[in-house]
Each structure stands twice: as structure tokens, then as C-alpha cells.
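Written below as C-alpha cells is the structure these notes are about.
The values are calculated or read from the model by the stated rules, or taken from the named source; none is laboratory data. From a predicted model like this one, the values you see are computed outputs, not experimental measurements. Here the Cβ positions follow ideal geometry from the backbone for every residue, glycine too, while neighbour counts run over all protein chains shown. Ligands, DNA and RNA are stripped out before the accessible areas are found, and what is left, the full protein with its side chains, is counted by its heavy atoms. Shrake-Rupley method; radii C 1.70, N 1.55, O 1.52, S 1.80 Å.
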Amino acid sequence: MEIREAAAADWDAIWPFMRRIVVAGETFSWERDLDEQRARERWFPATPWRTVVAVEEGRVLGTAISGPNREGPGAHVATASFMVDADAGGRGVGRALGRHVLGRAEADGFRAMQFNAVVETNTRAVELWKSLGMEIVATLPEAFHHPARGYVGLHVMYRRF
């Protein structure tokens, strides 16, 4: 599996699985009716943000964005978001993207990584991030409205480099 910078041409492969994730409303804090243009703008933000894709045999299996969590005095802490095609689940795509993004952030001089909103019911993601050295530093009770489980918590996860 190759992790590389995303190109504009990758969007046609990203959008179908991104749309399914957003519409499901179980793991992402985006409007469930988000249109394609707005999604693309969010996923391909301007520099210093980076968008990457995980590719195997020419197929995009997942994607991530990363950049500074805040501006100015908070710009030394990175943040990231990830989406993996459900059809590629269980193949290590999230882990490969996570390792890449964490390594790139450290190499770019960030002092830490902070995930602002990891849905507590997304236990696969929570365990993955923990295995990559992230820790839960806070849980915001009932901060996410899950379509099936109602109001659940959002974890803030953090790792110092």
C-alpha cells in the first residue's frame, strides 16, 4: 500500500466512500446532507494543510487531511481527519494513514497531534489511535448525536512528539 499526496484526480475515487461515511452520520461531525462541492473544499484545504491517499493497485482505499489545529500561538499542534472506504476495512488502511500522518507531522516540526472529535462509539478508531500512541485527554459528554445510539461522547485525543 502506498501513501501519497492526493491529486485533484483522486477526488472521483474519494467522494463515493466519503459520501457514504458522511450520510451515515456515525463517525464524522459533518452535516449529513453535505454536498460534493463543499466536501471537496473541506477535504482539499489550502496550504499548510495536506491531503493524502492510501492507494493499492491503483485503487484509493482511504484518505486523510492534516494541518495545524489552531492558528498563531496554537499552530505548533497538528490535527488530522481520516476516511477509509468500508470495502477496504480490516486491511490496515487506517493504521497506514495514521502512521503516515503522525510521522509527517513530527517531521514537519509539530510538537503534538490532537484529534478534536473522535466519536466514543467508534471503538475501532479509538483503539487504533491508542495503539499509535494517542491518549484520551477528555471526553465531551453527549457532544455527538449518533443516528442510532443518540447522544454520545466525543473524545479529544492527544499525542506529544
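Miscellaneous remarks
- Contact order normalised by residue count of the chain, Cα under 8 Å, 6+ apart, percent: 19
- Note on region 100-148: along the principal axes its Cα atoms extend 39, 18, 17 Å, ordered by decreasing extent.
- Region 1-52 and region 54-96 have Cα centres lying 10 Å from one another.
- Computed over region 65-124: relative contact order in percent, which uses C-alpha pairs under 8 Å that are six or more apart: 36
- In the context of the full protein assembly, Y158 retains an accessible surface of approximately 60 Å², using a probe radius of 1.4 Å and ignoring ligands and nucleic acids.
- Remark: region 1-59 carries a charge dipole of roughly 140 debye about the Cα centre, counting +1 on each Lys and Arg Cβ and -1 on each Asp and Glu Cβ.
- Residue-span extension gain [H146 to A24] - 0.36 nm each, minus C-alpha spacing: 43.0 nm
- FRET efficiency, 1/(1 + (r/R0)^6) with R0 35 Å, evaluated for E36 and T139 via beta carbons: 0.60
- Amide H partners (placed H, <5 Å) of N69, local residues excluded: V77, A78, T79
- Dividing the summed helix terms, -39500 (n - 2.57) for each DSSP H run of n ≥ 4, by the number of residues in the chain produces a 222 nm estimate of -9000 deg cm²/dmol to the nearest 500.
- Atom-type composition of the exposed protein surface of the chain places 47 percent of the accessible area on carbon and sulfur (1.4 angstrom probe).
- Helical segments meeting 15 Å axial Cα length and Kyte-Doolittle -1.0 threshold in the chain (DSSP H): 11-24, 93-107
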